[in-house]
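The values are calculated or read from the model by the stated rules, or taken from the named source; none is laboratory data. Here the structure is a predicted model, which is why all the values come from computation and not from measurement. Cβ placement follows ideal geometry from the backbone for every residue including glycine, while neighbour counts extend to all protein chains displayed. Heavy atoms of the whole protein, side chains included, go into the accessibility calculation; ligands, DNA and RNA do not. Shrake-Rupley method; radii C 1.70, N 1.55, O 1.52, S 1.80 Å.
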Amino acid sequence: MKALPPEMKYENALILAEGDYVMAHGRYTRPDEPNWIVVDVMRFKDGIFEEHWDVIQDEATEGQSKSGLPMFGAEFPRQVEKFS
């Protein structure tokens, strides 16, 4: 992702396409902040990019997970502590 600050990292997990729609599911690792789990939804018309929507949520920690499973990959994210 060229537009990301150098301290952020994007990991893609899955890309789905059907008809004019493409969805990408991934994780943004953010220093000193909770990671984001994101789904980007894009619509194309006649091969031209037309629209974009996204869904973003903080990645659940192990303590927040109701299922005991991570939201992304096989391991839970690092814990982020905030100091005021």
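Here are a few things to note about the model shown:
- Cut-off of 10 Å, at most 14 other beta carbons, DSSP loop: longest stretch of the chain lacking such trypsin sites (Lys or Arg not before Pro): 3-65
- Viscosity 0.890 mPa s, temperature 25 °C, Stokes-Einstein D of the range 1-77 from Kirkwood C-alpha radius, µm²/s: 177 µm²/s
- Rounded to the nearest 20 debye, the dipole size of the chain about its Cα centre is 160 debye, using +1 on the Cβ of Lys and Arg and -1 on the Cβ of Asp and Glu.
- Proximal charge balance of residue 45 [Cβ under 12 Å; K/R count +1, D/E count -1]: -3
- Sites excluded, GluC sites (Glu not before Pro) in DSSP loops with at most 13 other C-beta within 10 Å, longest stretch of the chain: 8-61
- Non-local lysine pairs in the chain, meaning eight or more places apart or on different chains, with alpha-carbon distances under 27 Å, amount to 4.
- Sulfur and carbon atoms: percent of accessible area, the range 12-76 [1.4 Å]: 53 percent
- Rolling a 1.4 Å probe across the protein heavy atoms gives the range 10-84 an accessible surface of 73 Å² per residue.
- In this structure the amide hydrogen of residue 61, modeled in the peptide plane, comes within under 5 Å of no amide hydrogen from residues 5 or more places off or on another chain.
- Calculated FRET efficiency for the pair residue 58/residue 16, C-beta based, R₀ 22 Å, to 0.05: 0.45
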